[in-house]
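Structure first, then comments.
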Amino acid sequence: MNKQKFLEQYGTWAIVTGASSGIGVEFAKQLAEMGFNLVLIARRIENMEQLGKELQSKYNIEYKAVELDLTTEGFYATVAKVIDGLDVGLLVNNAGINCEGAFYRGGLDRNVGMIRLNVEAPFILAHEIGKQLIEKGKGGIIFTASTSAFQAMPYFTHYAATKAYVLSLAESMHYEFRKKGVDVIALCPGPTESEMARGLEGNPLVMKAEPVVKSALKSLGRRAHVVPGLGNKIGAAMPQVLGRRLSMEVVGSALKRFLPSARK
């Protein structure tokens with residue numbers, strides 16, 4: 001990846017949501033290393049301020065840490081105020097939550113909140129920032145989807161459905177926006193070291209965030225989606241190899257056996 005060319009196409013400011021932990025933190029680190037100034041958005045301001053100061057000191061970049069709940073109605077007004085006058089060229093739609101286990105686990109409020117954070121918020125941000133990028137004739141949008149987006153997934157039922165939306169949205173935007181100079185991609189990781197992978201520490205199937213993020217940045221402008229890691233690629237291809245129904249049966253049976261919350 002030519003860092004200078006990447007910065008010219010997608011710089012000089014990047015927005016990263018979910019920037020207080022996991023994959024979002026890693027996006028911030030790799031983008032700062034390339035010279036991007038950062039708008040960091042999440043609910044935990046202390047984490048982002050610490051991260052921003054570290055990256056500012058190390059890479060001489062600017063940053064803005066924005067304490068914001070993306071499930072709040074009208075949240076974009078806050079974003080618009082923060083980025084007014086900034087040359088935003090890259091949006092990383094990374095924020096998301098999960099609620100694994102039996103269908104009714106987590107309650108209605110949490111599951112509706114998951115729709116707002118995983119579906120509504122990234123759409124609103126892509127819709128509004130996308131218009132600005134099209135006007136400039138360059139830029140990029142990265143969505144963090146999941147390998148679960150490729151098939152029905154019992155015990156991750158609702159989460160997988162939200163990520164299927166994100167994957168479909170990103171792929172269709174990729175087709176439309178590439179003709180206008182704007183690159184769009186869906187990053188589809190499997191289990192990755194983050195707060196969402198608690199309890200899986202040491203599991204060989206869990207990838208580190210660094211290569212996951214690197215795959216997204218390397219593939220932006222080249223393809224509509226990217227699945228990092230050989231094991232994840234195999235998992236994502238299962239519905240095509242086995243058929244959707246059989247693949248769902250295999251995954252559902254495995255999760256019911258190994259996921260404690262599936263048996264409640």
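The values are calculated or read from the model by the stated rules, or taken from the named source; none is laboratory data. All figures in this text were calculated on a predicted structure; none of them were measured in a lab. As a convention, Cβ positions derive from the backbone with ideal geometry for all residues, glycine included, and neighbour counts pool all protein chains shown. The accessibility values were calculated without ligands, DNA or RNA, using every heavy atom of the protein model including side chains. Shrake-Rupley method; radii C 1.70, N 1.55, O 1.52, S 1.80 Å.
The string of couplings for region 244-251 from the Karplus curve (6.51, -1.76, 1.60, θ = phi - 60°) is 4, 5, 5, 4, 4, 5, 5, 5 Hz, one whole number per residue in order, with x for Gly and Pro.
Short to long, the 5 Å bins of the Cα pair-distance histogram for region 151-191 hold 5, 23, 23, 20, 13, 9, 5, 2 percent of all pairs. Taking all Cα pairs closer than 8 Å and separated by 6 or more residues, the relative contact order of the chain comes to 18 percent. Computed over region 132-253, the Cα gyration tensor eigenvalues convert (square root of 5λ each) into semi-axes of 27, 17, 12 Å, ordered from largest to smallest. Here the dipole of the chain is about 860 debye; that uses its Cα centre as origin and unit charges on the Cβ of Lys and Arg (positive) and Asp and Glu (negative). For HIS225, the residues whose amide H sits under 5 Å from its own are ALA186, ignoring neighbours fewer than 5 places away on the same chain, with H placed 1.01 Å from N.
Taking a 23 Å limit on the Cα-Cα distance, which of the listed pairs LYS5/LYS81; LYS53/LYS136; LYS5/LYS136; LYS81/LYS131; LYS29/LYS64; LYS5/LYS138 fall beyond it? In this structure, LYS5/LYS81; LYS53/LYS136 lie more than 23 Å apart at Cα.
Note on Cα extents along the principal axes in Å: of the candidates (i) 64, 36, 35; (ii) 51, 37, 35; (iii) 56, 44, 36, the value calculated from this structure sits at (ii).
With a 1.4 Å probe rolled over the protein heavy atoms of all chains, the accessible area of GLU100, GLU46 falls in the order GLU46, GLU100, largest first.
With loop membership from DSSP and a limit of 16 other Cβ atoms within 10 Å, the longest segment of the chain without chymotrypsin sites (Phe, Trp or Tyr not before Pro) is 105-264.
With the convex hull constructed from alpha-carbon coordinates only, region 29-153 shows a mean projected area of 9.1 nm² over all directions. A simple rule links phi to the HN-Hα coupling: the Karplus curve 6.51 cos²θ - 1.76 cosθ + 1.60 with θ = phi - 60°, which for region 17-25 gives 8, x, 8, 9, 6, x, 4, x, 4 Hz, with x for Gly and Pro.
In the elastic network of the chain, a GNM with C-alpha springs shorter than 10 Å, the most mobile of LEU167, LEU246, LEU40 is LEU246. Counting only protein chain heavy atoms and rolling a 1.4 Å probe, the accessible areas of VAL213, VAL119 rank, largest first, as VAL119, VAL213.
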